[in-house]
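Note sheet for the following structure.
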Amino acid sequence: VQLQASGGGLVQAGGSLRVSCVASGTIFSTSDMGWYRQAPGKQRELVAAITSGGSTNYPDSVKGRFTISRDNAKNTVYLQMNSLKPEDTAVYYCRLRSSYSRNYWGQGTLVTVSS
């Protein structure tokens with residue numbers, strides 16, 4: 001399985017951005033997906049997760065601002081980010097967790113929020 005993230009860029013505070021992650025292979029629809037981020041000097045943290053059944057989960061830091069969704073026909077998971085803040089600046093990574101609990105990671109896409 002290979003994951004290709006895209007859609008990062010520079011946005012002003014208060015703006016919106018959508019990042020995408022396309023998975024190769026045939027296991028996407030039965031896998032749980034997640035978006036993580038890692039800011040310089042900080043640990044990688046979960047920002048959104050969606051199960052194979054469509055249930056979602058967010059930490060309080062992004063709840064109400066970020067929305068994760070998936071399109072199984074396109075093997076793609078999305079992260080819609082609204083009301084962006086400078087502290088959202090990070091490299092965003094997608095993760096696929098297969099039904100047999102193996103994790104796969106994408107290469108990351110940089111999101112920079114200017115104040």
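With each label modelled as a point 7 angstrom along the Cα→C-beta vector, the S115-Q43 pair spans 2.6 nm. Around M81, under 13 Å between beta carbons, what's the net of Lys plus Arg minus Asp minus Glu among the other residues? Cβ neighbours under 13 Å give a net charge of +3. The heavy atoms of V91 offer some 40 square angstrom of accessible surface to a 1.4 angstrom probe. For S61 and T26, a Förster radius of 22 Å and the Cβ-Cβ distance give a FRET efficiency of 0.05, rounded to the nearest 0.05.
When the accessible area of the chain is split by element with a 1.4 Å probe, what percent falls to carbon and sulfur? Walk me through the numbers before you get to the answer.
On the way: 2720 of 5950 Å².
Using a 1.4 Å probe with all protein chains present, the chain comes out at 46 percent carbon and sulfur.
Per residue, region 30-93 exposes 49 Å² of accessible surface when a 1.4 Å probe is rolled over the protein heavy atoms with every protein chain present.
Kirkwood hydrodynamic radius of region 42-114 from all distinct Cα pairs, in Å?
Values: mean 1/r = 0.0749 Å⁻¹.
Evaluated over region 42-114, this radius sits at 13.4 Å.
Here's the list of aspartates and glutamates a cross-link from K63 could span, going by alpha-carbon distance under 16 Å and ignoring same-chain residues fewer than 8 apart: E45, E87, D88.
The values are calculated or read from the model by the stated rules, or taken from the named source; none is laboratory data. Predicted model, so just to flag it, every value in this text is computed and none were measured. Neighbour counts are summed over all protein chains in view; Cβ atoms, including those assigned to glycine, are modelled from backbone coordinates with ideal geometry. Quick note on the areas: whole protein, heavy atoms, side chains included, nothing else; ligands and nucleic acids left out. Shrake-Rupley method; radii C 1.70, N 1.55, O 1.52, S 1.80 Å.
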